[in-house]
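See structure below.
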């Protein structure tokens, strides 16, 4: 029996053509493993994009696209947690640019927004945790990326690989982020004690 | 506070946040009715539908036209030879026949009597024009009908640097908008900033400026329609490539008017 799994070779250095994979290859990481990964990472990935400052609808769409991308490349990806974050961020940047263009079109041509639906539950959660999200969004971009990966339990070595920076730089950015967030954390602790 | 304590507090908040998000993602989805996007009517001039001919029929028509095009010069040469006093044999060979003879049997008839002209209403402030009445030989009307096109009216309110404080004269501009805009009409309020500072900050500032103008307009105009508030930062400056321009610190109010002025 031969299973066909779509493998995208776009952007990879190995120009290996699309090929059929055997069931033995497919067994290495099964469908169940992917579902487990999806369950564990989808919300964390959404939080990752929201911390980065992307709008809610862009973050949600980018998470879906990135999950599809990781599914298509499941057998080739060595560390899916790091890989999907890089992919999701690139997809979100692309979508944000397109969204900005559509915003310009909208007022130039008097078009009302195409989609008015809003996920009320998600908005409510964002309101509840707005202090956390706002505090992280206020960090400088480079420190923010490193710090978000840090709270996602990435080691410094993994952070350096994902960001493409030396480990020493990752340490330094983490230190700056901690210093900038210290006042917010202390205030947060006081509020918890007050409650 | 040590680094470990700091990390513990932040990671705890993060885990709670992710857990909440997970609940929201797994929640059953309620479908929401989304209205269809309205097309931009006034930006597109409607054209008459033409029949699309394709495939075998098109090829047959092309062959017929090509055959007729080959016959026309020969026919003209024969006609000229009959009219001319010089015999055909004595004429020079490099005589070129007109390729597109104009005759009274042309399919399009153009007549311009004074009673047959149709005046077009002014569109976007253009002067009124009189176009000739066009008709085919079989009487088919060819004259274009005037379109009722709205005029796009744009008013601008300028602001001082890095602030939501408008320069003087905002009340006069808004009063004019309230007078010109028809009741219930949709008004776009678009905020802009000069090209300086961060892009994200520029978006926020432009949005705040637009919201400021909206709040003032709501007070002045009771029967307003939908107000579309947008902030575009410095994505749409007055003169691109000129650096910081004070005229970019503005809010534009745009609406359509069908009144003939």
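Can you give the FRET efficiency to the nearest 0.05 for residue B:71 and residue A:86, using r as the Cβ-Cβ distance and R₀ = 60 Å?
My answer for the efficiency is 0.30.
What nm value, rounded to one decimal, do you get for the distance between residue B:61 and residue B:215 when each label is placed 7 Å out toward the C-beta?
Computed distance between label sites residue B:61 and residue B:215 equals 6.2 nm.
How much length is gained if the chain between residue B:1 and residue B:222 is pulled fully straight, taking 0.36 nm per residue apart and subtracting their Cα-Cα distance, in nm to one decimal?
Going from the current span to full extension adds 73.9 nm.
Counting alpha carbon pairs within less than 8 Å and at least 6 residues apart, what relative contact order, in whole percent, applies to segment B:151-257?
Result for segment B:151-257 is 44 percent.
Can you give the average number of partner chain beta-carbon atoms within 10 Å of each beta-carbon in peptide B:191-202, as a whole number?
Partner-chain Cβ atoms within 10 Å, mean over residues of B:191-202: 0.
Order these by the 10 Å Cβ neighbour count, fewest first: B:1, B:254.
So the ranking, lowest neighbour count to highest, is B:1, B:254.
Going highest first, how would you order B:165-174, A:63-72 by mean Cβ packing within 10 Å?
My ranking of the peptides, most packed first, is A:63-72, B:165-174.
Counting other beta carbons within 10 Å of each residue's own, what order do A:150, B:224 fall into, fewest first?
Starting with the residue having the fewest Cβ neighbours, the order is B:224, A:150.
Give me a single rounded figure for B:6-12: the average over its residues of other chain Cβ atoms within 10 Å of their Cβ.
Mean number of neighbouring Cβ atoms from other chains: 6.
What is the order of B:20, B:223, fewest Cβ neighbours within 10 Å to most?
B:223, B:20
Over all residues in A:175-182, what is the mean tally of Cβ atoms on other chains that come within 10 Å of each residue's Cβ?
Average per residue, whole number: 2.
What translational diffusion coefficient, to the nearest whole µm²/s, does segment A:129-195 have by Stokes-Einstein, given a Kirkwood radius computed over alpha-carbon pairs, a temperature of 4 °C and 1.567 mPa s viscosity?
Answer, rounded: 104 µm²/s.
Only Cα pairs under 8 Å and at least 6 apart count here; give the relative contact order of segment A:129-195 as a rounded whole percent.
Here the relative contact order equals 33 percent.
After finding the eigenvalues of the alpha carbon gyration tensor for segment B:151-257, what semi-axes result from the square roots of 5 times each, listed largest first in whole Å?
24, 13, 12
Taking 0.36 nm per residue of sequence separation and subtracting the Cα-Cα distance, how much length would be gained by fully extending the chain between residue B:26 and residue B:186, in nm to one decimal?
Result: 53.8 nm gained on full extension.
Coordinate-derived values only; no laboratory data. What you see is a predicted model, and the numbers here were worked out from it, not measured in a lab. Here the Cβ is made from the backbone with ideal geometry for all residues, glycine too, and neighbour counts use every protein chain on show.
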